[in-house]
Amino acid sequence: MYFYWLILSKIFKMVIRMKKFNSVFFIIISFLIIPTIYAQKFEGLAKTPPMGWNSWNKFGCNVSEKLIMETADAMVLSGMKDAGYQYVVIDDCWQIARDSLGFIVADPQRFPSGIKALADYIHSKGLKFGIYSCAGNTTCAGRPASRGHEYQDALTYAKWGVDYLKYDWCDTDGLNAEAAYITMRDALYSAGRPILFSMCEWGGNKPWEWGAEVGHMWRTTGDIYDCFDCEYSHGTWSSWGVMKILDMQDGLREYAGPGHWNDPDMLEVGNGGLTVNEGRAHFSMWCMLAAPLIAGNDLTSMSEETLEILTNTDAIAINQDALGIQGFKFAAKDSVETWFKPLENGDWAVCFLNRSSTPAKVGFDWKTKVYDDFSKRDLGATKSVYQVFDVWKKKSLGDTNTSLNKEVPGHDVLMLRLSEK
Ligand code: GLA
């Protein structure tokens with residue numbers, strides 16, 4: 001902003017010297033353009049929802065360079081990289097102190113080779129490297145955070161080769177959320193290295209209302225918990241099961257789109273608290289929401305079912321669809337919710353979510369009027385005929401001339417892709 005005023009005052013002086021009418025237009029244009037040059041996020045980093053892995057859900061503070069390197073290896077060897085996962089992100093607890101000049105210091109016991117070497121290793125695998133800090137004085141785990149050190153930290157991250165920053169909201173008394181996130185955005189931008197900015201403010205200050213200009217994704221809720229539909233109380237705050245988080249996304253879809261996503265928190269698939277059906281339902285709904293797909297399990301010891309869920313390329317294609325339109329709940333009847341998501345080339349994703357623990361019959365007459373007011377898309381199956389493809393069974397279910405009649409197991413989904421014939 002300092003540069004903004006400096007350049008503006010130079011323009012004023014020029015105009016006074018030139019005394020030309022055209023210069024007035026010049027000033028107006030400058031007012032419009034200069035702020036976008038000197039205060040902005042890096043564009044083009046998240047045209048589709050970011051995909052990767054983060055240490056927190058499974059490992060908490062138990063992070064080390066060994067874990068992160070083994071995770072990067074596993075991301076490649078398991079096929080997750082080929083399925084689209086890209087970022088390997090260390091969450092809280094990598095940092096231990098600041099040095100006498102205020103530079104952040106990584107825990108030397110857990111990261112003996114240093115963060116730059118770790119970033120190099122991850123890059124050598126064709127992956128991208130993410131790190132964590134917080135807008136307050138201390139992080140949520142009580143480590144040194146970035147308040148008052150934003151530009152210094154951004155420069156450090158750029159020097160290390162960081163590609164992604166998750167920025168939390170603990171210990172922020174007296175801070176204005178939008179201003180604090182803008183400060184870090186500007187610090188990252190002025191450090192010069194494109195870094196995806198993942199804002200973790202938990203939704204209290206409605207980041208969806210101001211986040212598109214500031215970051216690439218913003219948490220919409222408090223922390224996820226590894227259960228299907230519970231609330232886990234920590235005393236003064238709660239973490240939330242998958243269904244609780246899903247319900248909190250209501251009314252937010254219009255804020256998301258290419259480059260700026262609602263983030264309902266990282267995945268719990270494969271962490272032990274969800275059955276296979278529940279894990280599949282969780283993953284499917286995050287795909288329908290166009291949510292960032294940040295795995296949160298131990299990639300070095302995944303069951304086949306977990307890997308199958310995380311690497312279902314047909315589900316991922318729905319999440320990564322280039323239109324970037326978040327899906328919507330079309331209907332809810334008894335325990336079954338029906339969700340639609342408009343996709344490119346006239347396709348649609350449809351997901352029937354059975355929230356009950358017992359199986360449910362689902363029926364759908366494709367001639368039903370389905371109109372999405374936000375995208376202005378009309379399913380129009382009275383005019384068009386779609387092929388119906390079952391994303392999890394990986395088989396065709398005929399076309400939309402025939403009504404759907406299926407059974408969905410408890411806490412599971414039937415997820416379909418409709419493609420115009
Ligand atoms: C907060 C965030 C979590 C995680 C922890 C780390 O609770 O919401 O996702 O980053 O902090 O301490």
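The values are calculated or read from the model by the stated rules, or taken from the named source; none is laboratory data. Here the structure is a predicted model, which means the values were calculated and not measured. Neighbour counts are summed over all protein chains in view; Cβ atoms, including those assigned to glycine, are modelled from backbone coordinates with ideal geometry. Keep in mind that these areas ignore ligands, DNA and RNA; they rest on the heavy atoms of the full protein, side chains included. Shrake-Rupley method; radii C 1.70, N 1.55, O 1.52, S 1.80 Å.
Only beta bridges with both residues in the range 68-183 are counted; by DSSP, about 35 percent of them are antiparallel. Remark: relative contact order (the range 263-354) = 25 percent; criterion is Cα-Cα distance under 8 angstrom and separation of 6 or more residues.
For the chain, relative contact order (Cα pairs under 8 Å, six or more residues apart, normalised by length) works out to 13 percent. The accessible area of Arg219, taken with all protein chains in place and a 1.4 Å probe, comes to roughly 10 Å².
The distance between label points at Lys333 and Thr313 comes to 3.6 nm (points 7 Å beyond Cα on the Cα→Cβ vector).
Potential lengthening of the chain between Asp229 and Glu254 amounts to 6.5 nm, from the contour at 0.36 nm per residue minus the alpha-carbon distance. Taking 4.7 Å between beta carbons as the limit, the unpaired Cys residues of the chain are Cys134, Cys200, Cys287, Cys351.
Counting 0.36 nm for each residue step from Lys406 to Glu43 and taking away their Cα separation leaves a gain of 126.4 nm.
Using only Cα coordinates, the Kirkwood hydrodynamic radius of the chain works out to 22.9 Å. Looking at the chain as a GNM with Cα springs under 10 Å, which of Phe340, Phe364, Phe328 has the largest mean-square fluctuation? Per the Cα network of the chain with a 10 Å cutoff, Phe364 tops the list. For Lys361 and Ala322, the difference between the fully extended length at 0.36 nm per residue and the C-alpha to C-alpha distance is 10.8 nm. Pairs of Cα atoms nearer than 8 Å and 6+ residues apart set the relative contact order; for the range 152-308 it is 17 percent. Bridgeable lysines around Lys125 (alpha carbons under 16 Å apart, same-chain partners fewer than 8 residues away excluded): Lys66, Lys81, Lys116.
Counting only DSSP beta bridges whose two residues both lie in the chain, roughly 65 percent are antiparallel. The DSSP beta bridges internal to the range 119-253 are antiparallel in roughly 25% of cases. Listed by chain and number, the lysines placed with their C-alpha closer than 28 angstrom to that of Lys376 are Lys47, Lys206, Lys329, Lys333, Lys341, Lys367, Lys421; residues fewer than eight positions away on the same chain are left out. Our Cα-only numbers for the range 185-302 put the radius of gyration and Dmax at 15.0, 46 Å.
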